[in-house]
Every structure is written in structure tokens, then in C-alpha cells.
Amino acid sequence: MNKCEKDEEYEAYNEYGRQLNAEFEKIAKERNCSIQCATNIWYLRTRARHTPALEAELIRLEAEGIHPNMCEFGCTEETQL
């Protein structure tokens with residue numbers, strides 16, 4: 001890979017990062033939550049277990065200062081709604 005190709009690849013990654021950050025900011029504004037919570041909501045939306053109730057639960061937990069393990073959130077009996 002030559003320098004030009006590396007630069008193009010680097011810029012593609014940067015653009016993807018900018019698009020993700022814009023999506024996180026949009027979710028944070030729509031759901032009135034932090035960027036961290038919005039990131040978790042975005043991740044949850046990519047999973048088959050996603051429900052609006054689980055999104056609301058994430059926001060509630062964040063308000064209480066609790067940050068769940070997203071790999072397990074919505075998968076275990078305690079977090080299934």
C-alpha cells in the first residue's frame with residue numbers, strides 16, 4: 001500500500017468516525033441523554049434484542065449513575081423487559 005492509499009484509508013476511517021459521532025449526537029438530542037448513553041442506545045439498536053423499553057431502561061439507569069455491561073444488557077433475566 002502506497003502513501004496515497006494509506007492517506008485515503010485514513011480519511012475513510014476519519015469520515016466514518018465523524019458520521020458515527022453525528023449519529024450519537026442526534027440520538028442524545030432526541031432522547032435527551034448523554035453521548036455515552038446515546039452510544040449505548042446506538043449499539044442496542046444494532047442488536048436483535050432491541051426494544052423501545054430497553055432504550056428507556058438505559059436512560060433510566062444512566063440517570064441513576066448506573067452504566068450496564070452492554071454485551072449482557074437485555075440478555076439476562078434481570079435486564080429483559
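Values quoted throughout were computed directly from the atomic coordinates according to the rules given, and no laboratory measurement underlies them. As the structure is a prediction and not an experimental result, all values here were calculated from the model. Here the Cβ is made from the backbone with ideal geometry for all residues, glycine too, and neighbour counts use every protein chain on show.
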| field | Sole exception among (1) without any contact (Cβ under 8 Å) to a residue 24 or more places away in the chain; (2) acidic (Asp, Glu); (3) surrounded by 10 or more Cβ atoms within 10 Å (Cβ to Cβ) for residue 62, by number | value | (1)
| message | So, in segment 27-69, how many residues would count as being farther than 19 Å from residue 17 by Cβ and of a type in the set (A, V, I, L, M)? | response | 10
| remark: Pairing a residue in segment 26-45 that is over 16 Å from residue 75 (Cα atoms) with any residue that is of a type in the set (Phe, Trp, Tyr) and surrounded by 12 or more Cβ atoms within 10 Å (Cβ to Cβ), where Cβ atoms lie under 7 Å and the two sit 6 or more apart in sequence or on different chains, gives 27/42; 35/24; 38/24; 39/24; 42/24
